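Chemist: Can you keep this structure in mind? I'll have questions shortly.
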Amino acid sequence: MSVTTCGLVWLKQLLSELKFCKIGSMKLICDNQATLHIASNPVFHEWTTHIEIDCHFMREKIVSREVTTAFVNSNDQLSDIFTKSLRGPGISYICSKLDACDLYAPT
């Protein structure tokens, strides 16, 4: 999450410098509830000694409302089409959600 947040903050700053548009809070969607709890609740920091810097960075961005986090069920994770080998109904479902079409389908 922290690497993605770094990318989002960089992109927001770039768009701001180019005066492209004004961007408010960015929504970061994750399918790991434990990660979301650790990022948003400082009490969980006692359990995670090896990732403290990332936790503090994420916590700072969430408190400043620069980034908001949300949970998505693993079955509805659209990025799986780019990262996993899917078959049958799984790939059809994600393609329909992304509004993708088969280039080789007869017209």
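The values are calculated or read from the model by the stated rules, or taken from the named source; none is laboratory data. Quantities reported herein were computed from a predicted structural model and do not represent experimental measurements. Note that we place each Cβ from the backbone using ideal geometry, even for glycine, and neighbour counts take in every protein chain shown.
Chemist: For the stretch 2-22, does any single residue satisfy the condition of being under 24 Å from residue 77 (Cα atoms), in contact with a Ser or Thr (Cβ under 6 Å, 6 or more places away or on another chain) and either outside the structural domain of residue 80 (by TED's automatic domain parsing) or surrounded by 14 or more Cβ atoms within 10 Å (Cβ to Cβ) (or both)?
Modeler: No: zero hits.
Chemist: While we're on this one: Pick from the stretch 58-76 the residues that are of a type outside the set (Ser, Thr, Tyr) and out of contact with any strand residue (DSSP E or B) (no Cβ under 8 Å at 6 or more places or on another chain): which of them is farthest from residue 6 (Cα to Cα)?
Modeler: 75
Chemist: Further question: For the stretch 1-23, give me each residue that is of a type in the set (D, E, K, R) and on the phi < 0 side of the Ramachandran plot.
Modeler: Listed by number, the residues that qualify are 12, 17, 22.
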